[in-house]
């Protein structure tokens, strides 16, 4: 039980980051603003994209 609690507490920063990203996406969608993002194509290959009209 203690080990499980420790693992969950280690994930809190990741959860906070995810919530922050979601809040940003919701705000961009509400304002109908585009945004630039970077996403991973493979292990060391990334690409940039501009999302013109964010939707769910």
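Just so it is clear, none of the values below were taken in a lab; they were calculated from the coordinates. Nothing here was measured: the structure is a model prediction, and the numbers come from that model. Using ideal geometry, Cβ is built from the backbone for each residue, glycine included, and neighbour counts are taken over all protein chains shown.
A few remarks follow.
- Among the conditions (1) loosely packed, with under 10 Cβ neighbours inside 10 Å; (2) outside any helix (DSSP H, G or I), the only one that residue 49 does not satisfy is (1).
- Top-ranked residue in the range 7-45 [being surrounded by 10 or more Cβ atoms within 10 Å (Cβ to Cβ) and assigned to a strand (DSSP E or B); ranked as farthest from the chain's Cα centre (by Cα)]: 35
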